[in-house]
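*Asks:* Let me give you the structure first, and then I'll get to my questions.
The values are calculated or read from the model by the stated rules, or taken from the named source; none is laboratory data. These numbers come from a predicted model, not from an experiment. So basically every Cβ, Gly included, is an ideal-geometry build from the backbone, and we count neighbours across all protein chains shown.
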Amino acid sequence: MNDRQTQLHLVVISGISGSGKTTALHGFEDSGYFTVDNLPPALLPNLAAFCLENGFAKVAVVIDARIHEAIGSFEPYVQLLRDQGHSVKVLFLDTEDHVLIARFKESRRPHPFYHPLAYPHIQSIEEAIQAERALLEDVRAMADRVVDTTTLTPTALRRQLQDMWGDVETAGLQIVVLSFGYKYGIPVDADLVFDVRFLCNPHYVPELQTHDGRDDVVKQFVFSDPRAKPLLEKMEALIDYTLPEYEAEGKAYLTIAIGCTGGKHRSVVLAEALAEHLRGRGAHVAVRHRDLPEPPDGKEA
(Lines give C-alpha, C1' and ligand atoms only; values in the text may rest on other atoms or scores of the structure.)
Protein backbone atom coordinates (compact mmCIF):
# COMPACT_ATOMS: atom_id res chain seq x y z
CA MET A 1 0.00 0.00 0.00
CA ASN A 2 1.52 3.37 -1.04
CA ASP A 3 1.53 6.73 0.75
CA ARG A 4 -1.55 8.00 -1.03
CA GLN A 5 -3.49 5.04 0.38
CA THR A 6 -2.32 5.50 3.96
CA GLN A 7 -2.53 9.27 4.36
CA LEU A 8 -5.39 11.63 3.66
CA HIS A 9 -5.22 15.27 2.65
CA LEU A 10 -8.39 16.56 4.29
CA VAL A 11 -9.85 20.07 4.14
CA VAL A 12 -12.57 20.76 6.70
CA ILE A 13 -14.78 23.67 5.64
CA SER A 14 -16.72 25.55 8.29
CA GLY A 15 -18.08 29.04 8.67
CA ILE A 16 -21.09 31.27 9.01
CA SER A 17 -24.28 30.32 7.18
CA GLY A 18 -24.45 32.27 3.93
CA SER A 19 -20.69 32.75 3.65
CA GLY A 20 -20.23 30.41 0.68
CA LYS A 21 -19.49 26.97 2.12
CA THR A 22 -21.51 25.16 -0.56
CA THR A 23 -19.73 27.12 -3.28
CA ALA A 24 -16.40 26.22 -1.70
CA LEU A 25 -17.32 22.54 -1.47
CA HIS A 26 -18.32 22.45 -5.13
CA GLY A 27 -15.01 24.07 -5.99
CA PHE A 28 -13.09 21.33 -4.21
CA GLU A 29 -15.23 18.70 -5.92
CA ASP A 30 -14.38 20.20 -9.30
CA SER A 31 -10.70 19.99 -8.34
CA GLY A 32 -10.91 16.24 -7.81
CA TYR A 33 -11.70 16.04 -4.11
CA PHE A 34 -14.12 13.53 -2.61
CA THR A 35 -16.66 15.75 -0.83
CA VAL A 36 -19.21 15.38 1.96
CA ASP A 37 -21.63 18.04 3.22
CA ASN A 38 -22.95 18.49 6.77
CA LEU A 39 -20.85 15.76 8.41
CA PRO A 40 -21.05 15.32 12.21
CA PRO A 41 -17.52 15.54 13.69
CA ALA A 42 -17.89 12.12 15.32
CA LEU A 43 -17.98 10.55 11.85
CA LEU A 44 -14.61 11.96 10.77
CA PRO A 45 -12.70 8.77 11.73
CA ASN A 46 -15.25 6.64 9.84
CA LEU A 47 -14.95 8.89 6.81
CA ALA A 48 -11.17 8.62 6.92
CA ALA A 49 -11.33 4.83 7.02
CA PHE A 50 -13.82 4.74 4.14
CA CYS A 51 -11.69 7.05 1.99
CA LEU A 52 -8.53 5.05 2.63
CA GLU A 53 -10.26 1.79 1.76
CA ASN A 54 -11.62 3.25 -1.47
CA GLY A 55 -8.57 5.18 -2.62
CA PHE A 56 -9.77 8.75 -2.01
CA ALA A 57 -6.62 10.67 -1.07
CA LYS A 58 -8.03 14.22 -1.25
CA VAL A 59 -11.16 14.90 0.78
CA ALA A 60 -13.17 18.03 1.61
CA VAL A 61 -16.03 18.10 4.13
CA VAL A 62 -18.36 20.76 5.50
CA ILE A 63 -18.91 20.76 9.26
CA ASP A 64 -20.91 23.72 10.52
CA ALA A 65 -23.59 24.98 12.89
CA ARG A 66 -26.35 22.90 11.31
CA ILE A 67 -25.29 20.12 13.70
CA HIS A 68 -25.76 22.59 16.58
CA GLU A 69 -24.13 21.59 19.88
CA ALA A 70 -22.33 18.62 18.26
CA ILE A 71 -19.90 21.16 16.81
CA GLY A 72 -18.34 21.22 20.28
CA SER A 73 -16.65 17.87 19.56
CA PHE A 74 -15.01 19.26 16.43
CA GLU A 75 -11.45 19.88 17.65
CA PRO A 76 -10.77 16.48 19.32
CA TYR A 77 -11.67 14.57 16.16
CA VAL A 78 -9.54 16.83 13.97
CA GLN A 79 -6.62 16.31 16.34
CA LEU A 80 -7.22 12.55 16.30
CA LEU A 81 -6.80 12.45 12.52
CA ARG A 82 -3.67 14.59 12.73
CA ASP A 83 -2.23 12.25 15.36
CA GLN A 84 -2.83 9.40 12.92
CA GLY A 85 -0.61 11.13 10.38
CA HIS A 86 -3.25 12.69 8.14
CA SER A 87 -2.90 16.23 6.78
CA VAL A 88 -5.93 18.16 8.05
CA LYS A 89 -6.51 21.83 7.26
CA VAL A 90 -9.45 23.83 8.60
CA LEU A 91 -10.93 26.54 6.37
CA PHE A 92 -13.34 29.03 7.95
CA LEU A 93 -15.48 31.30 5.77
CA ASP A 94 -16.78 34.54 7.21
CA THR A 95 -18.85 37.45 5.89
CA GLU A 96 -19.96 40.77 7.31
CA ASP A 97 -23.43 40.68 8.87
CA HIS A 98 -25.12 43.13 6.51
CA VAL A 99 -24.04 41.05 3.50
CA LEU A 100 -25.25 37.84 5.15
CA ILE A 101 -28.66 39.41 5.74
CA ALA A 102 -28.85 40.54 2.12
CA ARG A 103 -27.90 37.07 0.88
CA PHE A 104 -30.59 35.39 2.96
CA LYS A 105 -33.19 37.85 1.71
CA GLU A 106 -32.11 37.31 -1.88
CA SER A 107 -32.10 33.50 -1.64
CA ARG A 108 -35.30 33.40 0.45
CA ARG A 109 -33.78 30.60 2.51
CA PRO A 110 -34.12 30.74 6.30
CA HIS A 111 -31.12 31.00 8.58
CA PRO A 112 -30.74 27.63 10.38
CA PHE A 113 -31.14 29.34 13.76
CA TYR A 114 -34.07 31.55 12.78
CA HIS A 115 -36.92 29.14 13.54
CA PRO A 116 -39.37 30.44 16.17
CA LEU A 117 -40.51 26.96 17.19
CA ALA A 118 -37.02 25.50 17.63
CA TYR A 119 -35.40 28.70 18.95
CA PRO A 120 -38.13 30.87 20.48
CA HIS A 121 -35.53 33.14 22.13
CA ILE A 122 -34.16 34.21 18.72
CA GLN A 123 -36.40 36.98 17.41
CA SER A 124 -34.55 38.18 14.28
CA ILE A 125 -32.06 37.11 11.66
CA GLU A 126 -29.52 39.43 13.28
CA GLU A 127 -29.87 37.50 16.55
CA ALA A 128 -29.61 34.21 14.63
CA ILE A 129 -26.32 35.28 13.07
CA GLN A 130 -24.91 36.32 16.44
CA ALA A 131 -25.97 33.01 18.01
CA GLU A 132 -24.22 31.13 15.22
CA ARG A 133 -21.07 33.23 15.61
CA ALA A 134 -20.96 32.38 19.31
CA LEU A 135 -21.36 28.67 18.59
CA LEU A 136 -18.58 28.68 15.98
CA GLU A 137 -16.15 30.90 17.89
CA ASP A 138 -13.82 28.04 18.87
CA VAL A 139 -13.86 26.59 15.36
CA ARG A 140 -12.86 29.95 13.89
CA ALA A 141 -10.05 30.26 16.44
CA MET A 142 -8.50 26.93 15.41
CA ALA A 143 -8.83 27.50 11.65
CA ASP A 144 -5.68 27.32 9.54
CA ARG A 145 -7.22 29.83 7.17
CA VAL A 146 -10.01 32.40 7.57
CA VAL A 147 -11.36 33.80 4.30
CA ASP A 148 -13.59 36.85 4.21
CA THR A 149 -16.13 36.37 1.40
CA THR A 150 -17.92 39.70 1.87
CA THR A 151 -16.81 41.09 -1.49
CA LEU A 152 -16.20 37.80 -3.34
CA THR A 153 -18.41 36.51 -6.13
CA PRO A 154 -18.83 32.71 -6.29
CA THR A 155 -16.36 32.63 -9.19
CA ALA A 156 -13.80 34.69 -7.29
CA LEU A 157 -14.17 32.49 -4.19
CA ARG A 158 -13.64 29.31 -6.20
CA ARG A 159 -10.58 30.81 -7.88
CA GLN A 160 -9.09 31.90 -4.57
CA LEU A 161 -9.60 28.46 -3.04
CA GLN A 162 -8.10 26.85 -6.13
CA ASP A 163 -4.99 28.96 -5.60
CA MET A 164 -4.84 27.88 -1.95
CA TRP A 165 -5.68 24.20 -2.25
CA GLY A 166 -5.54 23.23 -5.92
CA ASP A 167 -2.75 20.83 -4.93
CA VAL A 168 -2.65 20.25 -1.20
CA GLU A 169 0.60 18.33 -1.54
CA THR A 170 2.48 21.43 -2.73
CA ALA A 171 5.04 22.28 -0.08
CA GLY A 172 5.84 25.78 1.07
CA LEU A 173 4.04 28.94 2.01
CA GLN A 174 1.04 29.88 -0.13
CA ILE A 175 0.93 33.66 -0.63
CA VAL A 176 -1.89 35.95 -1.76
CA VAL A 177 -1.01 39.55 -2.63
CA LEU A 178 -4.23 41.54 -2.37
CA SER A 179 -4.91 45.12 -3.47
CA PHE A 180 -7.82 46.97 -1.88
CA GLY A 181 -9.39 50.38 -1.35
CA TYR A 182 -9.55 51.81 2.16
CA LYS A 183 -12.90 53.42 1.32
CA TYR A 184 -14.35 49.89 1.15
CA GLY A 185 -12.69 48.59 4.31
CA ILE A 186 -9.52 46.73 5.25
CA PRO A 187 -9.58 42.98 4.39
CA VAL A 188 -10.23 41.06 7.61
CA ASP A 189 -8.13 38.09 6.47
CA ALA A 190 -4.96 40.12 5.83
CA ASP A 191 -1.79 39.13 7.69
CA LEU A 192 0.23 42.17 6.59
CA VAL A 193 -1.21 45.53 5.50
CA PHE A 194 0.66 48.26 3.61
CA ASP A 195 -0.83 51.74 3.16
CA VAL A 196 0.35 53.40 -0.09
CA ARG A 197 -2.05 56.36 -0.08
CA PHE A 198 0.82 58.84 0.28
CA LEU A 199 1.93 58.18 -3.31
CA CYS A 200 0.75 60.53 -6.07
CA ASN A 201 -2.79 59.58 -7.05
CA PRO A 202 -3.54 58.84 -10.75
CA HIS A 203 -7.22 59.43 -10.02
CA TYR A 204 -6.65 63.16 -10.36
CA VAL A 205 -5.15 62.83 -13.85
CA PRO A 206 -8.16 62.89 -16.23
CA GLU A 207 -6.60 60.70 -18.92
CA LEU A 208 -5.80 58.00 -16.32
CA GLN A 209 -9.20 57.78 -14.65
CA THR A 210 -10.49 55.13 -17.06
CA HIS A 211 -7.37 52.99 -16.57
CA ASP A 212 -6.33 50.86 -13.61
CA GLY A 213 -3.04 49.72 -12.13
CA ARG A 214 -2.69 46.83 -14.55
CA ASP A 215 -2.20 49.27 -17.43
CA ASP A 216 1.33 50.38 -18.35
CA VAL A 217 0.39 54.06 -18.45
CA VAL A 218 -0.69 53.90 -14.79
CA LYS A 219 2.38 51.90 -13.77
CA GLN A 220 4.60 54.53 -15.36
CA PHE A 221 2.76 57.32 -13.55
CA VAL A 222 2.97 55.61 -10.14
CA PHE A 223 6.67 54.86 -10.47
CA SER A 224 7.36 58.40 -11.65
CA ASP A 225 6.77 59.33 -8.01
CA PRO A 226 10.33 59.19 -6.57
CA ARG A 227 8.97 57.56 -3.41
CA ALA A 228 7.40 54.57 -5.18
CA LYS A 229 10.49 52.53 -6.04
CA PRO A 230 12.12 52.91 -2.59
CA LEU A 231 8.80 51.94 -1.01
CA LEU A 232 8.58 48.80 -3.14
CA GLU A 233 12.18 47.89 -2.33
CA LYS A 234 11.56 48.25 1.41
CA MET A 235 8.40 46.13 1.14
CA GLU A 236 10.35 43.49 -0.76
CA ALA A 237 13.13 43.54 1.83
CA LEU A 238 10.65 43.14 4.69
CA ILE A 239 8.86 40.25 2.99
CA ASP A 240 12.15 38.58 2.02
CA TYR A 241 13.21 38.75 5.66
CA THR A 242 9.95 37.52 7.17
CA LEU A 243 9.03 34.70 4.75
CA PRO A 244 11.64 32.24 6.07
CA GLU A 245 10.50 33.01 9.61
CA TYR A 246 6.85 32.36 8.73
CA GLU A 247 7.81 29.10 7.03
CA ALA A 248 9.96 28.05 9.99
CA GLU A 249 7.01 28.38 12.35
CA GLY A 250 4.85 26.28 10.01
CA LYS A 251 2.65 29.03 8.60
CA ALA A 252 0.92 27.68 5.49
CA TYR A 253 -0.83 30.78 4.12
CA LEU A 254 0.04 34.46 4.03
CA THR A 255 -2.13 37.32 2.76
CA ILE A 256 -0.29 40.57 2.02
CA ALA A 257 -2.75 43.45 1.55
CA ILE A 258 -1.78 46.72 -0.14
CA GLY A 259 -4.27 49.57 0.09
CA CYS A 260 -4.87 52.92 -1.58
CA THR A 261 -7.99 55.06 -1.50
CA GLY A 262 -10.16 53.25 -4.05
CA GLY A 263 -8.19 50.09 -4.78
CA LYS A 264 -7.88 50.91 -8.48
CA HIS A 265 -4.49 52.47 -9.20
CA ARG A 266 -1.62 52.69 -6.69
CA SER A 267 -2.35 49.56 -4.68
CA VAL A 268 -2.82 47.53 -7.86
CA VAL A 269 0.53 48.66 -9.29
CA LEU A 270 2.38 47.84 -6.07
CA ALA A 271 0.60 44.51 -5.65
CA GLU A 272 1.53 43.41 -9.16
CA ALA A 273 5.14 44.50 -8.66
CA LEU A 274 5.47 42.76 -5.29
CA ALA A 275 3.94 39.56 -6.68
CA GLU A 276 6.40 39.61 -9.58
CA HIS A 277 9.26 39.92 -7.10
CA LEU A 278 7.95 37.00 -5.03
CA ARG A 279 7.55 34.80 -8.10
CA GLY A 280 11.14 35.61 -8.99
CA ARG A 281 12.29 34.08 -5.71
CA GLY A 282 10.25 30.94 -6.35
CA ALA A 283 7.25 31.64 -4.11
CA HIS A 284 3.79 30.23 -4.80
CA VAL A 285 1.85 33.48 -5.15
CA ALA A 286 -1.54 34.59 -6.44
CA VAL A 287 -2.64 38.19 -7.03
CA ARG A 288 -6.11 39.44 -6.19
CA HIS A 289 -7.50 42.92 -6.83
CA ARG A 290 -10.47 43.03 -4.48
CA ASP A 291 -12.03 46.26 -5.65
CA LEU A 292 -11.53 45.91 -9.39
CA PRO A 293 -14.24 44.25 -11.51
CA GLU A 294 -13.78 40.65 -12.59
CA PRO A 295 -11.94 40.38 -15.95
CA PRO A 296 -14.50 39.85 -18.74
CA ASP A 297 -12.75 36.72 -19.99
CA GLY A 298 -12.77 35.11 -16.56
CA LYS A 299 -8.99 35.16 -16.31
CA GLU A 300 -7.12 36.13 -13.20
CA ALA A 301 -6.65 39.85 -12.83
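*Asks:* Anything in the range 190-218 that is assigned to a loop (DSSP other than H, G, I, E, B) and of a type in the set (D, E, K, R)? List them, or say none.
*Replies:* Correct list: Asp191, Arg197, Asp212, Arg214, Asp215.
*Asks:* If I filter the range 32-54 for residues that are closer than 23 Å to Ala141 by Cβ, touching a Leu at 6+ places or on another chain (Cβ under 6 Å) and among the small types (Gly, Ala, Ser), do I get at least one hit?
*Replies:* No, the range 32-54 has no match at all.
*Asks:* For residues that are at pLDDT 85 or above and over 12 Å from Ile125 (Cα atoms), tally how many sit in the range 100-109.
*Replies:* 0
*Asks:* Output the helices (runs of 4 or more DSSP H) that fall wholly within the range 1-102 and possess 3 or more residues being within 19 Å of the chain's Cα centre (by Cα), surrounded by fewer than 21 Cβ atoms within 10 Å (Cβ to Cβ) and not aliphatic (A, V, I, L, M), or say none.
*Replies:* Passing ranges, in order: 21-30.
*Asks:* Okay, next question. Among the listed residues Tyr246, Tyr253, Tyr241, identify the single one that is surrounded by fewer than 19 Cβ atoms within 10 Å (Cβ to Cβ), aromatic (Phe, Trp, Tyr) and in contact (Cβ under 8 Å) with a residue 24 or more places away in the chain.
*Replies:* Tyr246
*Asks:* So, one more: With the requirement that a residue be touching a residue at least 60 places away in the same chain (Cβ under 8 Å) and either among the basic types (Lys, Arg) or on the phi > 0 side of the Ramachandran plot (or both), what does the range 52-100 give you?
*Replies:* Lys58, His68, Gly85, Lys89
*Asks:* Another question, then. Got a number for residues in the range 173-189 being not in a loop (DSSP other than H, G, I, E, B) and not charged (D, E, K, R)?
*Replies:* 10
*Asks:* Report whether or not Leu199 is touching a Lys or Arg at 6+ places or on another chain (Cβ under 7 Å), closer than 30 Å to Val88 by Cβ and modelled with pLDDT of 95 or more.
*Replies:* Taking the combined requirement at face value, the residue does not satisfy it.
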